[in-house]
Every structure is written in structure tokens, then in C-alpha cells.
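J.: Provided herewith is a single structure, encoded as C-alpha cells, for subsequent inquiry.
The values are calculated or read from the model by the stated rules, or taken from the named source; none is laboratory data. Every value quoted in this text rests on a predicted model; they were computed, and no experiment measured them. Neighbour counts are summed over all protein chains in view; Cβ atoms, including those assigned to glycine, are modelled from backbone coordinates with ideal geometry. We work out accessible area using only protein heavy atoms, side chains counted, and drop any ligands, DNA or RNA first. Shrake-Rupley method; radii C 1.70, N 1.55, O 1.52, S 1.80 Å.
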Amino acid sequence: MHVTHLYAKTFQRNIFPKHPTRTNRHCTNSLGSIGEKTQTAENQIQWSFGSILKILSNLNISSLAKHSIETQTLKTIDVVILVLSLTKMPNVQILVNDFVNQLRKRKIEGSQATGQQTAELLRSVISQQRVPHTNQATTLINAVRAVGEQLISANPVELAVGNIVRRVLHIIREEDLSLATAAIAGLGLSAASDDEDDVERDDHHGLSAAAVAAAARSTLRLPSLQTLLEDTSDPAAIPHTSSSGGESEGKSRSVEKGSRGRKLKHDVIEAVNELIQDISTCYEQIAEQAVEHIHQNEVILTLGSSKTVLEFLYAAKEKKRSFKVFVAEGAPRYQGHLLAKELAARGSQTTLITDSAVFAMISRVNMVIVGAHAVMANGGVIAPIGLNMVALAAQRHAVPFVVLVGSHKLCPLYPHNPEVLLNELRSPSELLDFGEFSDCLDYASGAGSIHVVNPTFDYVPPKLVSLFITDTGGHNPSYMYRLIADYYSADDLVVKRRPITGS
Amino acid sequence: MDPPRRTPRSVIDPVPKFRQVGFFAPPERSQSGPPDPTHSLQISDTTPAANSLSPVMIPPPRHLSDNLLLHARPATSPLRAESIAAAGRSSYDASDFFPAPLSPAPSSSYSSRIITGGDGSFFNGGKGSNGGKVVASSFPRGGFDLTAMKSSVVPASELTTVSVVNDSLGISEKEKATKGGGSAVEVKDQPTSAKQQKPKTSKAERRALQEAQRAAKAAAKADGNKASGAATSVNAKSTKPVKPAQKVDNAAVAASEKKGGDCPPEKDRKKDAPQPRMQYDDKSRVEKAKRRAVVKQTEARNRVELFRHLPQYEHESQLPDLEAKFFHLSPVHPAVYKVGLQYLTGDISGGNARCIAMLQAFQEAIKDYKVPHEKTFVRDLTAKIGSYVSFLIECRPLSISMGNAIRFLKSRIAKLPLTLSESEAKSSLQSDIERFISEKIILANKVIVKHAVTKIRDGDVLLTYGSSSAVEMILLHAHELGKQFRVVVVDSRPKLRGKLLLRRLVEKGLSCTYTHINAVSYIMHEVTRVFLGAASVLSNGTVYSRVGTACVAMVAHAFRVPVIVCCEAYKFHERVQLDSICSNELGDPNVISKVVGREDVSYLDGWANVENMQLLNLIYDATPSDYVSMIVTDYGMVPPTSVPVIVREYGREQIWI
């Protein structure tokens, strides 16, 4: 009954008054998957589902779900394990919902915070996702996608979330590939070592060794003309090929067969941990490069505040470089005040200027160093509001415009009309007090109206950017698309395209 | 020496007419060649006015003219007789004059009207001389009737009279000067001479080169002439750069008086340069200025290194100090004092408002002015005004438009005929100021509105920055005409003047969008025109305006949106400027540290105690001319490249208005 309670609790928590459809779908999916998985289970756990159904009907949630379960014949003993794993699901779902809420309410902002939390959330999703023997990677990918889609739609402007989701998906694919490759590499050696019984041993027995070899080549080698010519398969097919390839060679696969599920998950979690580590320390790696870019007596201009910029400048200061910094205050958030204070406290010559004085001062500036919100695949930057103006001024005076960007901010999408579509309008109260103009507005006559526009982001086109400094070094805007290809796989670009969760 | 100078006169017909203007004056100036050393102050004060005098003319070959001017000194006496017969000469002079100002004028009707207004007034107020009266008497009527003027014929005659009158007047006065020893006339003559030299020397970049040549020449000639000549020229040269611009080197003047030759033109030419502004990084001079200052000024702490040359004081200490002094007897007239306080507190801001307030205060001051015993009206009043101005500067640095207005006023004072009684002179000055305000500011704004409204079409989205009185009038007028458009008001900290504009526009029923300057590139997508105000337009086309204007213009330029700058012609200045740093104004840095209405932003409390922290509150910036599509001014709509033409052509009007 404990299980049942937990499960019921999950449903209870999942009922958002705002999103009835999602709840239904969720029920259907989870229950549907239970049904499928439990084709052989019958008697032992019948009670469990019975009670669940009772609760469901009490809750009047979904007749559909009820129906789908009622029609199931539960056959295997696997169901016990499944239900046990279900007991863990609530925790993840709670986490996901919490995070979605926070994103939606803009409680969490900033690409570093959101990126890191997304990665942590996905890590727990993965760790609690039960993987079957077959298609492990696909299962994980689907799970991550399902969560990722929710997160992205919660705050589409926070591109770091989508980036991290895609990164995790990429990691899963990569790990799966490397496992498969390892298996193939061990193919010749372990040909006769198989004793273990395998359920699926005969399933793919007929698959040709040539296909396996091709898959192995495509994973092992760097892209070359030969591989391009030989391997014409869609990249999306790689995971399937590799997994089926792995399973096809029953004799060799069976060595690791039992451990493989855990191995993949383990590897993925390891890699996600690394990713989290990267996100939290990327500014250190960026800051390390500071002395290469800042010379003695340099005059630097920045706008607003960014931890990366602060650390970058501070690192240069540490190395006994003396330079001056002009900080534009960055209306309407005025984070520049904070940055100026921090810099001055750390001993840099700091001058705070108004945003409007940027053009006046830029002629005396040697370099503009700014942070970014996200970098698009074309090298364009989604940046805090005001930076397009700064970039234009810098271009006018041939001042290098340097963007510091952690790799979690690299977005694999190409922007279309980013000023509008990848933007967010903040509250007018930052500009005008509520009711400040109520006395002179006459809505009855309809004459006179005020719109207050307070956008959050600016789009800086790639031609205005001189250099990106990432944790992997400096790059041209024109190179960003390639850098991005290292981090993402092409079939993850659209997270939304969610296949029907069958497994 | 004589022949070269006389040539223009004798060969009047073959020589291009423009050139002649440049030449016929030296004799007059040369009469006054040995200026009274005691007048040096006035001279230096009035010369800025002369800067704007340069007519549009083909400058004569440089060396020749230089020689001419240099040689002209001693040969004064024979010509005086000639020039006395000015009435006759002026007839052809006038015809010479006439094409010059007219041809480049984009809208002759306006210019002519304004000129006529100016002429008439000039005669009304400022003359009592025989030669001029005849000509002048016919004008006051036409001069004031602004609408009745026909553009094609009338301007010609009017412009003619301008030159005629000026000539004759000057000469008659000169006569008086020679007879009665009226000292003020000298002052008047100086500017005219400066004017003649102007075409050759107006460009800043030429000046250095030229001066070198001139110095060499002068030295060579002086060697031939007198040994002292060389000495004086050297003297003048060496002392000049060191001395404050306001104080003309007395030694040099004295020397020149002795010699009566080389020095005055040299000096004039140097003064031709826009007066070197006070550089506040010069310690000794700052000290000196401080001793004279009425306002107690404490240097601001944590000053920005780049702007050491600009004054920056603690505002907190200034205001109470001044307020405390208000009821004490002070040399400053209460009206001026009040305006100064208003500048200091920021109650009056905006180029036109400040200028009008200042002029009205001066009007009051002149009304209450009494000539002390044993002092002459003109000299003492000029000094008085000078002290008022320096008081106002202490309160807040002058804007360029105010500088122009002061220049106008001083030239008017200097040109007062001595025959006027004190009360007459005072009333004439008051009416001059009145006219300056109404014609140069108010009427000019109306003309600008008339022009600019034609550039607004239905469906436009107009962006403006900050709060410009001219732009506001344009928008309201367009709204009254029933045009359908939307206004985007872009604002910036710390003044947030856009809010005031927004309020006034919304009250009139316009639909507005309000945003801050960082969002300008977001909003620029939907904008079809950008209307900007300006504090001044410099002669290289640079628009000197409220800080942030350059950013807006730049973004508009990047988005291919036309930028229209609205600026009255009295704000034009022949100075050039490339950046916003060499000349600017620093506001109170404390206002940056606090954000009004945002208690959460309080990182900078007590910033002044942080050693490495400076706050910079710039007031102006310079918009490069290539961002500006068009400048709407009272003479019409011109490209920024035409600004120097307007400055040269119409600048002298400010003297003659």
C-alpha cells in the first residue's frame, strides 16, 4: 500500500489546475507504460493496481487511464521491479515541477544558474530512470526529452536550459556510442567467451558484420571523406544502429550484457557530472586567458554585470596588470553598479558611466569586454539589453568587442528575428512607477496612450563581434557553428519532436 | 606699404567684389590701429563676436593679404578722408555685398526677414550719427514688418543697407572718436577688422601654419622697420598662450601701441580663434580663478582622470553657500543671482530655457544699472556683464547658445553710440535683448516647426530622445494638423527628462511609447524617423547635444532610419570638435549613484570613500555629422555639411540684429 500511496501522491501533485491536458497525458503515459511493461504479471501485484485504480477513480482523473489499465493483462514478474522504480518517480517529478514553476515565474534567471540546475535535474532524472535491457539509450533519451521539453517551454528565452538538455542528450548518445564501440573493439577477442544466457540472443542474429563494422567506423574515426562516402545513414540512426549492432552479436555482447544497462547509465551520469562541473567552473577557465588579452594600461569598457567578466578582469588584476575599467550601469537592472563596486573593492581603477555616455567614452577605450546571455550558431549574441548599441559604437571606433561566454551558453539554433522572438519584456515598473501617469491618461476619450517597452535582451549580430572567449579558448564568430557541432548532435536540435513514448 | 593696401580701392571693378569686402576695411581698422590700451578688456570681450563675422568670400591669396594687413598700419591718414565719404561709396559696396549672403542662403525669405528685423532695430536703437541716419531712417518700418517683405528684391536692398549702414556708422563714429575721444568706438572697430581677416583665418587647421608664416614675415619686416617690432611680436607670441584668454596681454597692447603696426592684426587673428577655454588641469590658473570666484567651490573628490580639464565641484557645498549669500550685498544683480541659483539646482535646464532666463536676467540688470561716477557707460556695463557671466559660469558652465547670446549682447553694448543718454542706451539694450529672444529663439522655433512638420507623414513612428523644446513643438504641431503618428520617447538616466516630455505629449493626446536608451536598438525596428534636439551644431557638422544623442543617432544610422536634428541657428558655433571629451560638462556624480524609485539598487552608497571608484556624469556628447541626415534650422533644412556656410553667412547677423 505504501507504493500506492506514493503513486497517488504523485498524481495529486501533478494536478495543475492550469494544465489539465498535461496531467492527463502524464497519467496516460505512465499508466500506459506500466501496462505495456507488465504484460506477464498477473496475480501478485493485481492488488496494487486495483488500489491505484480506486484512487484514480476517487480523484476522477482520467477514465482513459483507467480504461487502459483495466484492459491490460499483467503477466510478468518484472512488474514488481517496475512498481518499485515507480516509487522513485514521484521525487523526480516533484523536482521537475518545482523547477518548471520557478522557471515560469522567472525565479531562476541567468544562464549559469538555470544551466546548472537543469543539468542537476536531468542527472536525477537519468539516475532514477529505469532502463530496460534493450534500447537503453533510447529510453534515457526519451525520458530526458520529456523533461527537457517541459523545461524549455517553461521559459523558452532561457536558452541555457535547452542547451543543457541537448548537451545531456548528446552525452547519452556519445556514451552509448562509446560503449558500442568498445564492444565492437572487443569483438574478435571475446568471440568464444560467452556462456551467459541471453533472452534476446537470437533476435538480431542475422545482422551482417559489415553493418557493425560500418557503425564502428563511424564512431571511432573522425569524419573523413571515406566515412562520409560510406556512411550515408542519417546521424539519427546511429544510436539505433549501434545498439542493434551491439545486440546483434550475441556472443560478444553477452559478456557485458548484464552490466551494460548500469554501465551506460553510470557513464552518462559521470559525464553529466562533468558537465555540471564545467558549468560551475567555466569562468575560471575563461579567466585564465585574461592576461593574454589585457595589456598594461588598457582601458576596458563593459556594460552591466557578469560574473564571468568580473572574474576575467579580476584575474588580470591578480597578474599585476593595471588597467582602467569603464562600467556602464546597464539600465534597467543597474547591475553595473554592483560590478563597479566589486571591481573597485578589488583594486581596479573603475569609472561608472551612464549608458548614454557609452558613445562619448568609447573613443578612449581599447577593448570592450562583455558577458552574454547566449551565443547562437551563427555567432550572433543574445546579450543584456544595450549591448547592440555598445557594439555599434565599438565598431565605429574600431574597438575590439570581446564576448566572454561559457560553453553552456552556446546555442545550436540559428536565430530568426531574435530581437523579438528571443526576447522578453520585463515589467514597466522598472521604468515608470505604477500610476505615475494615471492622471494624464484619459481612457474614456481614447486619446493619448503610453506603451512602456522594457526588453531584457539585445541581439548583437556576428559582424559586430570581434572575438568570443570560451572556456576552450578564443574563437571567431564565424567558427561558432563548428564549436557547437562538438557539443550537440544534430538530431537533438529540435527537442520538441518527441516520439510517442512506447517503452 | 601703401600701394598694396590701396589697390583694392583703386581697382575696385576688376577685383572680384567679394574680395573687396575683405579689403576695404583695413583702413578703418588701421585708424584704430593703436588701440587704447585701457580698452583691452573690452576688445577681447567683443572679439568673439567678430569670429562669426566672416563673410562668404573667396579669400584673397593668403600671403598677399597678410602683407597687406601688416603693412596697412601706418597708412591710415590718407584714407580717412576717403572713408568719410562713405555714403557715396556705400552704394556700390552694397551691391557688392548683396550677392554674397544671398546666394548660399537656402531659404532667402527667412533670412532676409530676420536680417531686416535686425537692421531696423539696429537703427532704432543704436545710432545717432549723421551718415547712417539718412539711410537708416527708411528702414525701421520695413524692418519690423516681417511678413510684408518680399524675398527677391527686398533682401537685396536690405542687405545692402546692412553694409551701408555699417560702413557709414562706423565711420561716423570714428570721426567722433577722433574728435571727441570716445573710447568705446575703438572697441567697435576691432571686430570689424577681425571680420575682414576672418576669411583667411577662420579655419582652425590653417591657423597654426599661418601663424608660423606670419611670425616669420613680421619678424623680417620688423627687422627692416624697427627692431622693436620684432620684439613686440615675439612678446605677443610668447605671452599669448600663457595668459588667460579673457585678459588680453597688456604688455603686448602697449607695445603695439608704440609701434602702431604689426601687433594688433596678430592679436586679432589669434583672438579669432575660438577663445581657448579655461583648462582646469592648469593648477595656477584654477587657483587664480578661485580667488576671484563668488561661489565657494570645493573640488569634487574621485575625479575622472580623463576629464581633469573640466571643472567639477561638490554641488552640496555650493548651493547652501550661495543661498546664504543671497541677501548679502553682492556685486551680482539679484535677477542674475536667482538665475544662477536656478542653473545650479537644475531648475532651469535646456538650451533655450537657460538662454532666455539669462537674457531676461541681464535685461533686469541693465534696467537697474546706474553708471558710477567717472566711468563710461559702455565700459562699465561690459565689465558688469562680464562679471555676471563669470558668476553664471561658476554656477554652471555656459552652454554654447548662451555664449552666443552673451557675445551678441556685448557687441550690442560695444556698438552703442556715445551720443545716447544713459536711459536711451539702456532701453535700446533692453529692446535688443527682447528682440534676440523673440527672433532668434521663439520665431526661429516657429520656423523650424514649420519646416520639420513637412517631414512627418501619416503612419510614421517618430523617435525622440530626452526632451527638446523644438522637437516637442514639432510633434504637437503635427498632432494639431491631424497627422496620424506615434511617438517613441527614449530616455536616459540620470535626468530622465523624457518623462517630462512624455507627460506633456500624452496630455495633448498623442500616443507614445516610452523606453530607456539601452532599448533603443530594440525599438528602432519600428521607427521611421528620428527627431533630435541639439545644444549646438558645430561647424564641422558635429551635433553637440545631450549625452546619449550620439548613441541614438548611431543606432538609427545602423538601422537606416533618417536622423533629423532640430536646432536654431543662434546655437550654431564655428568651433569644431571631434570627440566628446575635449570639451564637455560634468554633472554631479552623486546623482548616478542613486537610482530614483529603485531602492534595491543601492550598491554605491558611500562610493566617494572607495579609493578606486569614480562616477562620471557627462552632460553632452558629440554626434558625428555622418549620423545626421538633415539639420532643420530657421534658415531651412540643410545637410550637416552646410553648417559652416550658415555659421559664416549668418553668424554676423547676431551682431547686426
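J.: Those residues that are among the basic types (Lys, Arg) and part of a helix (DSSP H, G or I), I need them from segment A:323-365; list them, please.
T.: A:Lys341
J.: If you go through segment A:334-370, how many residues are farther than 18 Å from B:Cys551 by Cβ and open to solvent by 10 Å² or more (accessible area, probe 1.4 Å)?
T.: Of the residues in that region, 10 qualify.
J.: In segment A:385-398, what count of residues is obtained for those that are surrounded by fewer than 22 Cβ atoms within 10 Å (Cβ to Cβ) and over 16 Å from B:Thr549 (Cα atoms)?
T.: 3
J.: Another question, if that's okay. Which of (1) facing chain A (nearest Cβ under 8 Å); (2) touching a residue at least 40 places away in the same chain (Cβ under 8 Å); (3) in contact with a Cys (Cβ under 9 Å, 6 or more places away or on another chain) does B:Met554 not meet, given it meets every other one?
T.: (3)
J.: Give the number of residues within segment B:294-312 that are at pLDDT below 70 and surrounded by 15 or more Cβ atoms within 10 Å (Cβ to Cβ).
T.: 5
J.: Next question, about the same structure. Under 6 Å between Cβ atoms, at least 6 apart or on separate chains: pull out the pairs that start in segment A:409-425 with a residue that is over 12 Å from A:Asp458 (Cβ atoms) and end on any residue that is assigned to a strand (DSSP E or B).
T.: Listed pairs, sorted by first residue: A:Lys409/A:Ala374; A:Lys409/A:Val375; A:Leu410/A:Val375; A:Cys411/A:Ala374; A:Leu425/A:Pro455.
J.: Follow-up. Mind checking which residues of segment B:606-620 are part of a loop (DSSP other than H, G, I, E, B) and open to solvent by less than 30 Å² (accessible area, probe 1.4 Å)?
T.: Those that are part of a loop (DSSP other than H, G, I, E, B) and open to solvent by less than 30 Å² (accessible area, probe 1.4 Å): B:Asn612, B:Asn617, B:Ile619.
J.: Let me ask you something else. Filter segment A:331-358 for residues that are more than 7 Å from chain B (Cβ to nearest Cβ) and in contact with a strand residue (DSSP E or B) (Cβ under 6 Å, 6 or more places away or on another chain) and give the result.
T.: Those that are more than 7 Å from chain B (Cβ to nearest Cβ) and in contact with a strand residue (DSSP E or B) (Cβ under 6 Å, 6 or more places away or on another chain): A:Gly336, A:Leu339, A:Leu343.
J.: Testing A:Asp433 on (1) open to solvent by 70 Å² or more (accessible area, probe 1.4 Å); (2) modelled with pLDDT under 90; (3) within 22 Å of the chain's Cα centre (by Cα), one condition comes back false. Which one is that?
T.: Of everything listed in (1) open to solvent by 70 Å² or more (accessible area, probe 1.4 Å); (2) modelled with pLDDT under 90; (3) within 22 Å of the chain's Cα centre (by Cα), A:Asp433 misses just condition (3).
J.: Separate question: Kindly provide the set of residues from segment B:621-646 that are open to solvent by 20 Å² or more (accessible area, probe 1.4 Å), among the charged types (D, E, K, R) and more than 10 Å from chain A (Cβ to nearest Cβ), ordered by number.
T.: none
J.: Suppose the filter is at pLDDT 90 or above, in a loop (DSSP other than H, G, I, E, B), on the phi < 0 side of the Ramachandran plot and more than 10 Å from every other protein chain (Cβ to nearest Cβ); does A:Asn423 pass it?
T.: Against the criterion (at pLDDT 90 or above, in a loop (DSSP other than H, G, I, E, B), on the phi < 0 side of the Ramachandran plot and more than 10 Å from every other protein chain (Cβ to nearest Cβ)), A:Asn423 does not qualify.
J.: Among the residues of segment A:317-329 satisfying the criterion of being surrounded by fewer than 24 Cβ atoms within 10 Å (Cβ to Cβ) and not polar (S, T, N, Q), which is nearest to the other protein chains (Cβ to nearest Cβ)?
T.: So, considering only residues that are surrounded by fewer than 24 Cβ atoms within 10 Å (Cβ to Cβ) and not polar (S, T, N, Q), the one nearest to the other protein chains (Cβ to nearest Cβ) is A:Lys324.
J.: Still on this structure, I have one more. Out of A:Thr350, A:Thr302, A:Thr354, I need the residue that is in contact with a Leu (Cβ under 6 Å, 6 or more places away or on another chain), hydroxyl-bearing (Ser, Thr, Tyr) and on the phi < 0 side of the Ramachandran plot. Which one?
T.: After ruling out the rest, the residue left standing is A:Thr350.
J.: Please determine whether any residue of segment B:572-595 is closer than 29 Å to B:Lys446 by Cβ and facing chain A (nearest Cβ under 9 Å).
T.: No; the residues of segment B:572-595 include none that is closer than 29 Å to B:Lys446 by Cβ and facing chain A (nearest Cβ under 9 Å).
J.: Given the residues B:Lys499, B:Lys495, B:Lys450, which is the only one that is within 13 Å of another protein chain (Cβ to nearest Cβ), assigned to a helix (DSSP H, G or I) and modelled with pLDDT under 95?
T.: Criteria check complete, one pass: B:Lys499.
J.: Something else about it: Of the numbered conditions (1) in contact (Cβ under 8 Å) with a residue 12 or more places away in the chain; (2) part of a helix (DSSP H, G or I); (3) open to solvent by 20 Å² or more (accessible area, probe 1.4 Å), A:Gln277 fails exactly one; give the number of that condition.
T.: If we test A:Gln277 against (1) in contact (Cβ under 8 Å) with a residue 12 or more places away in the chain; (2) part of a helix (DSSP H, G or I); (3) open to solvent by 20 Å² or more (accessible area, probe 1.4 Å), just (1) comes out false.
A quick yes/no check of all residues on (1) within 14 Å of another protein chain (Cβ to nearest Cβ); (2) modelled with pLDDT under 95; (3) part of a helix (DSSP H, G or I):
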position: A:Asn378; (1), (2), (3): no, yes, no
position: A:Val390; (1), (2), (3): yes, no, yes
position: A:Val399; (1), (2), (3): yes, no, no
position: A:Tyr414; (1), (2), (3): no, yes, no
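J.: Could you count how many residues in segment A:117-148 are open to solvent by less than 40 Å² (accessible area, probe 1.4 Å) and within 16 Å of the chain's Cα centre (by Cα)?
T.: Counting residues in segment A:117-148 that are open to solvent by less than 40 Å² (accessible area, probe 1.4 Å) and within 16 Å of the chain's Cα centre (by Cα) gives 16.
J.: Okay, next question. If B:Arg598 satisfies all but one of (1) of a type outside the set (Asp, Glu); (2) touching a residue at least 24 places away in the same chain (Cβ under 8 Å); (3) assigned to a loop (DSSP other than H, G, I, E, B), what's the number of the condition it fails?
T.: The number of the failed condition is (2).
J.: Considering only residues that are away from every other protein chain (no Cβ under 14 Å), over 17 Å from A:His416 (Cβ atoms) and either more than 22 Å from the chain's Cα centre (by Cα) or open to solvent by 20 Å² or more (accessible area, probe 1.4 Å) (or both), which ones fall in segment A:450-476?
T.: A:Val465, A:Ser466, A:Leu467, A:Asp471, A:Thr472, A:Gly474, A:His475, A:Asn476
J.: Say we look at segment A:448-490 and pick out the residues that are in contact with a Ser or Thr (Cβ under 6 Å, 6 or more places away or on another chain) and assigned to a loop (DSSP other than H, G, I, E, B); which of these is nearest to B:Val487 (Cα to Cα)?
T.: It comes out as A:Val453.
J.: So for segment B:524-545 (the condition being open to solvent by 10 Å² or more (accessible area, probe 1.4 Å), assigned to a loop (DSSP other than H, G, I, E, B), at the interface with another protein chain (Cβ under 10 Å from one of its Cβ atoms) and modelled with pLDDT of 90 or more), does at least one residue qualify?
T.: no
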